[in-house]
Amino acid sequence: MSARPQDSNRKRISLPTLAEMKATGEPIVMVTAYDHPSAQVVEEAGVDIVLVGDSAAMTVLGYDSTVPVGMDEMLMLAAAVRRGLTTPLLVGDMPFGSYEQSNEHAVANAQRFVKEAGCDAVKLERGGASVDRARAIIRAGIPVMGHVGLTPQTATALGGYKAQGKTAGRASQIAEEALALQAAGCFAIVFEAVPAAVTEALMPRMETPVIGIGAGADTDGQVLVFHDLLGIFGGHAAKFVKRYADVRGEMVRGVAAYADEVRSGVFPGAEHIYSIDPAELAEFRAYLAHEAPPGSGTFSHADWDWGP
Ligand code: KIV
């Protein structure tokens with residue numbers, strides 16, 4: 001059913017595919033991507049959902065939180081991912097400030113993700129007013145993914161980047177938000193940094209696929225940030241991150257080896273250089289030495305393509 005690297009006849013992942021995966025208990029694999037090469041990598045690896053997350057603010061744009069990233073930056077990244085992707089469902093993450101103001105503003109920005117970047121769906125954070133925004137966007141024909149628990153766009157109000165739902169009161173609030181987003185028609189909901197036992201208790205109420213990140217093993221799927229799972233991001237990694245590679249270390253090793261070889265004269269080697277016919281070279285040398293004046297027959301400036 002879902003896309004796997006070995007599948008030669010992969011079908012595009014659709015919303016019914018995801019609902020069916022939940023129904024049959026097949027885990028949904030979601031990952032972020034922010035550019036064309038990372039999109040090609042996740043396509044080839046056979047994931048089900050690709051999120052152009054606003055985590056791009058920190059992983060690729062160098063901001064110190066997800067708050068500053070804007071619509072134009074997100075659209076440029078999402079369009080690059082679209083060009084590298086065919087099979088997974090592509091979700092654009094609505095950045096902070098792009099949907100809070102009004103339903104109309106939220107719908108207009110969601111439409112930009114679909115029209116300008118080719119996204120299949122959008123994601124927005126929190127319950128409360130975001131439930132109205134989600135409903136309005138869905139009514140406008142664009143599928144919406146919800147996001148509850150630790151919502152990084154409002155991390156300051158939540159007391160920082162830490163697990164949510166560790167008290168009965170806060171767990172109930174997360175449950176209410178998730179159920180409201182489900183009732184609004186979200187096709188999936190991300191649970192971030194929620195105690196596994198809270199997720200487990202809530203899952204029987206969830207008809208919509210739940211994708212966890214630091215929410216335990218009882219969700220319908222998992223999501224990780226591309227740069228975290230591959231070890232590209234140099235910053236602090238959250239407890240829920242598992243590193244599957246040390247790509248940053250490999251990149252530093254590669255660039256350092258190149259620098260060493262340039263400095264020691266090993267690079268470029270014979271296999272990296274272009275050759276020239278010896279007669280042409282001799283003529284060129286003669287030109288440099290002014291041994292063959294223009295028009296002498298041996299060499300003419302007319303032989304050169306000087307352009308218009
Ligand atoms: O922006 C992001 O990468 C996310 C995922 C962590 C779900 O929202």
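From the list Glu44, Glu100, the one residue that fits, being in a loop (DSSP other than H, G, I, E, B), charged (D, E, K, R) and more than 13 Å from the ligand (Cβ to nearest atom), is Glu100. For the stretch 254-269, the criterion of being under 28 Å from Met21 (Cβ atoms) and in a loop (DSSP other than H, G, I, E, B) is met by no residue. When restricted to residues that are within 13 Å of the chain's Cα centre (by Cα) and under 14 Å from Leu90 (Cβ atoms), the stretch 16-47 contains 13. As a summary of the residue check, Gly62 satisfies the conditions (1) within 27 Å of Gly160 (Cα to Cα); (2) of a type in the set (Gly, Ala, Ser); (3) under 14 Å from the mean Cα position of the chain (by Cα); (4) away from the ligand (no atom under 12 Å from the Cβ) except for the one numbered (3). Just one of the listed residues (Ala188, Ala171, Ala110) is under 22 Å from Pro209 (Cα atoms) and open to solvent by 10 Å² or more (accessible area, probe 1.4 Å), namely Ala171.
For the criterion of being closer than 23 Å to Ala188 by Cα and open to solvent by less than 100 Å² (accessible area, probe 1.4 Å), Phe226 passes. The C-beta contact set for the stretch 251-273 (first residue within 24 Å of Leu230 (Cα to Cα) and among the aromatic types (Phe, Trp, Tyr), second residue open to solvent by less than 90 Å² (accessible area, probe 1.4 Å) and in a loop (DSSP other than H, G, I, E, B), distance under 8 angstrom, 6+ apart or interchain) comprises Tyr258/Phe267. The number of residues in the stretch 228-239 being of a type in the set (Phe, Trp, Tyr) and at pLDDT 95 or above comes to 0.
Reported count of residues in the stretch 146-164, each being closer than 19 Å to Val131 by Cα, within 15 Å of the ligand (Cβ to nearest atom) and open to solvent by 30 Å² or more (accessible area, probe 1.4 Å), is 2. Looking across the stretch 179-223, the residues that are within 24 Å of the chain's Cα centre (by Cα), more than 16 Å from Leu18 (Cα to Cα) and within 16 Å of the ligand (Cβ to nearest atom) come down to Leu181, Phe191, Glu192, Ala193, Val194, Ile213, Gly214, Ala215, Gly216.
The values are calculated or read from the model by the stated rules, or taken from the named source; none is laboratory data. Since we're looking at a predicted model, the values are computed, not measured. So basically every Cβ, Gly included, is an ideal-geometry build from the backbone, and we count neighbours across all protein chains shown. Just so you know, the surface numbers come from the protein's heavy atoms only, side chains and all, with ligands and any DNA or RNA stripped out. Shrake-Rupley method; radii C 1.70, N 1.55, O 1.52, S 1.80 Å.
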